[in-house]
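The values are calculated or read from the model by the stated rules, or taken from the named source; none is laboratory data. These numbers come from a predicted model, not from an experiment. As a convention, Cβ positions derive from the backbone with ideal geometry for all residues, glycine included, and neighbour counts pool all protein chains shown. For the accessible areas, the whole protein counts, side chains as well, though only heavy atoms, and no ligand, DNA or RNA atoms are used. Shrake-Rupley method; radii C 1.70, N 1.55, O 1.52, S 1.80 Å.
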Amino acid sequence: MTMIGNSRIHLSLGDITEQRTDAIVNAANSTLMGGGGVDGAIHRKGGTEILEECKIIRKTKWPEGLPTGEAVVTTGGRLKAKMVIHTVGPIWKGGNEREPELLASAYRNCLALALKMKIRSISFPSISTGAYGYPIEKASRIALSTVFGFAREHNGIDEVHFVLHSQHDLMIYDAALKEVVQTGFTGLD
Ligand code: ADP
């Protein structure tokens, strides 16, 4: 556990759909209509209520789809978490297509929305590092430095969990955490 400002940052190995934090984050795609990976698992376990709210969001706020780096909130349906924050991470295209900025935006917009919704605890998966192919060593540094930066500047979110799906991913996040703590890595250089 690492304390940044008033927020506790935890890394753990597990299944994000089992988390009891106020909200969990979905690494969605811009359609918001479900998909594979975390997205599929969340919709399967959370039930149709989540998809119904996603359809309303598509009809009203984002008819063309949720842009990369943005975030929206729905119910958690049958999940233990009360809410799901859906975001779209960037697809890795080699690193020169603003992927770092877009990944940082995804994390930052989730946290800003959580703050607005008075969510006090939140769980993140490793956004973009599955089907979207973002190298996890790079993505983990951006994830952690963005969360640290937000936590230093804002009060109100007590707990931020990163729920990693394999021991290997957890080790990489652990190493990134040490690096970010030691060097104050800003994430985008
Ligand atoms: P993206 O399309 O953003 O890359 P994915 O869902 O394909 O999203 O993968 C993101 C990360 O989430 C991957 O590291 C994957 O192993 C992990 N993951 C998949 N299912 C779960 C789950 N149930 N809980 C936590 N992490 C998961």
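May I have the convex hull volume per residue, in Å³, for the Cα set of the chain?
On the way: hull volume 18.9 nm³, N = 189.
Spread over its residues, the Cα hull of the chain gives 100 Å³ apiece.
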Next on the checklist: Once you keep just the Cα pairs under 8 angstrom separated by 6 or more residues, what percentage relative contact order results for segment 27-109?
Outcome noted: 30
Checklist entry - So how far, in whole Å, is the C-alpha centre of segment 136-177 from the one of segment 1-60? => result 16
Next on the checklist: From the helices alone, meaning DSSP H stretches of at least four residues, give me the mean residue ellipticity at 222 nm for the chain, per-run term -39500 (n - 2.57), in deg cm²/dmol to the nearest 500.
Outcome noted: -13000 deg cm²/dmol
Next on the checklist: Can you compute the charge dipole magnitude of segment 2-183 about its Cα centre, using +1 on each Lys and Arg Cβ and -1 on each Asp and Glu Cβ, nothing else charged? Give it in debye, rounded to the nearest 20.
Outcome noted: 420
Item to check | In nm, spacing of pseudo-spin labels at K178 and T75 (7 Å Cα→C-beta vector) | outcome: 4.5
Checklist entry - Considering the zone a paramagnetic label at M1 would reach in this model (a point 7 Å from Cα along the Cα-to-Cβ line), which residues of segment 118-145 have amide N under 18 Å from it? => result 120-124
Checklist entry - According to a simple spin-label model (label point 7 Å from Cα along Cα-to-Cβ), what is the distance in nm between N96 and M117? => result 3.8
Item to check | Eligible aspartates and glutamates near K118 by straight Cα distance, threshold 18 Å, same-chain separation 8 or greater | outcome: D22, E153, D158, E159
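Skip the ligands, DNA and RNA, and give the accessible area per residue of the chain with a 1.4 Å probe, whole Å².
48
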Next on the checklist: Run the reach check for K93 against aspartates and glutamates, Cα to Cα strictly under 20 Å, same-chain hits fewer than 8 apart removed. What comes back?
Outcome noted: E70, E101, E137, D189
Checklist entry - In debye, nearest 20: dipole of segment 88-152 around its Cα centre with unit charges on the Cβ of K, R (+) and D, E (-)? => result 340
Item to check | Integer Hz, Karplus 6.51/-1.76/1.60 couplings in order for segment 159-166, x for Gly and Pro | outcome: 9, 10, 10, 9, 9, 9, 8, 8
Item to check | By average C-beta atoms within 10 angstrom, highest first, the peptides 54-67, 30-43 | outcome: 30-43, 54-67
Checklist entry - Under a straight-distance cross-link criterion of Cα-Cα below 25 Å, which lysines are reachable from K59, leaving out those fewer than 8 residues away in the same chain? => result K45, K82, K116
Checklist outcome for this item: Residue span H168 to A131: 0.36 nm per residue of separation minus Cα-Cα distance leaves a gain in nm of 11.7 nm
Checklist entry - Quick one: what Rg and Dmax do you get for segment 88-161 from the alpha carbons, in Å? => result 12.3, 36
